[in-house]
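The values are calculated or read from the model by the stated rules, or taken from the named source; none is laboratory data. Note that the structure is a prediction, hence the values are computed from the model and not measured. Positions of Cβ are backbone-derived with ideal geometry, glycine not excepted, and every protein chain shown enters the neighbour counts. With ligands, DNA and RNA removed, areas are computed over all heavy atoms of the protein, side chains included. Shrake-Rupley method; radii C 1.70, N 1.55, O 1.52, S 1.80 Å.
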Amino acid sequence: MSALLLMLLVSIVNVGTLLEKGSPRREVRRLSCVRCCGPSEQPVSGSSLRYARMSNEPAYSVPKVRPTIDITILKGEKGEMGDRGNPGAVGKEGAQGLRGYNGQKGQKGQSGPSGHSCKQLYAAFSVGRRKPLHSSDYFEHVTFDTEFVNLYKHFNMFTGKFFCYVPGIYYFNLNVHTWNFKETYLHLMKNDNEVAILYAQPSDRSIMQSQTLMLELQEGDEVWVRMFKRERENAIYSEESDIYIIFNGHLIKPAIE
């Protein structure tokens, strides 16, 4: 038993000896000290130096040379002013500012020129119709045959229209007499637009019917009366001896006084 143990120990020692002889020893390489930077420069690592040796690239970048030129020596004479450029785009409108202080009261101005003596700031008319009228068309213009007042002839008796020569606010009134068992339907017209209606239903009694309004007119506007026919017969009554149909108008306030 002891002999067997001795043989095992001897074999183990021989195996360890063989392993030491077979495995190569690693040699410890020491890097020699290389100067890589000056006292004011940053040191370069060993790996960077090794990469520089293998790639033949410098260990650090070459400093760039920036020449300095004295501009005062090269400065020439002042050139002439160029042409004015095109105006730029208009910017957005800004916010409204605060209201400023009230200025001083100005001096009294001079008197203006006197007005034209031919310019009349008056207008008035009153006309009537002695003949009755039945509507034969869908629209029928009402004319007048009697002139009570026609200041400066602003009302045209041939066309039956009042022509505005003086701009301002006017008052108009229309009075008619209805016909028994017949409808009465009239329009007060301003140019080509109806602005008011005078209406009366058919009745066994004839009555006086009236319409009144005020209009603001410009120079060139026309005011007149139109009869409007519907399904029923439309008519207004009058006589040769008595006037039942009257149209009036006058200027209340001119636009320029």
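Might you check whether a residue that is open to solvent by 50 Å² or more (accessible area, probe 1.4 Å), more than 20 Å from residue 160 (Cβ to Cβ) and touching a residue at least 40 places away in the same chain (Cβ under 8 Å) occurs anywhere in the stretch 194-201? The answer is no, given that none of the residues of the stretch 194-201 is open to solvent by 50 Å² or more (accessible area, probe 1.4 Å), more than 20 Å from residue 160 (Cβ to Cβ) and touching a residue at least 40 places away in the same chain (Cβ under 8 Å). With a requirement of 1 or more residues that are among the small types (Gly, Ala, Ser), the strands (runs of 3 or more DSSP E) lying completely within the stretch 161-257 that satisfy it span 168-178, 193-200, 208-217, 235-237, 245-254.
In the stretch 235-257, the qualifying residues are those that are open to solvent by 30 Å² or more (accessible area, probe 1.4 Å) and of a type in the set (Gly, Ala, Ser), and the one that is nearest to residue 179 (Cα to Cα) is 241. Check whether at least one residue in the stretch 147-160 is surrounded by 19 or more Cβ atoms within 10 Å (Cβ to Cβ) and assigned to a strand (DSSP E or B), and report yes or no. Yes, because at least one residue in the stretch 147-160 is surrounded by 19 or more Cβ atoms within 10 Å (Cβ to Cβ) and assigned to a strand (DSSP E or B).
Taking first residues from the stretch 166-182 that are within 15 Å of residue 250 (Cβ to Cβ) and partners that are open to solvent by less than 10 Å² (accessible area, probe 1.4 Å) and outside any strand (DSSP E or B), the Cβ contacts under 7 Å between residues at least 6 apart in sequence or on separate chains come to 166/123.
Scanning the stretch 104-134 for residues that are small (Gly, Ala, Ser) and at pLDDT below 80 turns up 106, 109, 111, 112, 114, 115, 117.
Under the condition of being of a type in the set (Asp, Glu) and modelled with pLDDT of 95 or more, which residue from the stretch 202-234 is surrounded by the most Cβ atoms within 10 Å (Cβ to Cβ)?
The extreme case among them is 221.
Among the residues of the stretch 127-146, those that are open to solvent by 70 Å² or more (accessible area, probe 1.4 Å) and of a type in the set (Ser, Thr, Tyr) comprise 136, 138.
Within the stretch 62-103, the set of residues being modelled with pLDDT under 80 and acidic (Asp, Glu) comprises 70, 77, 93.
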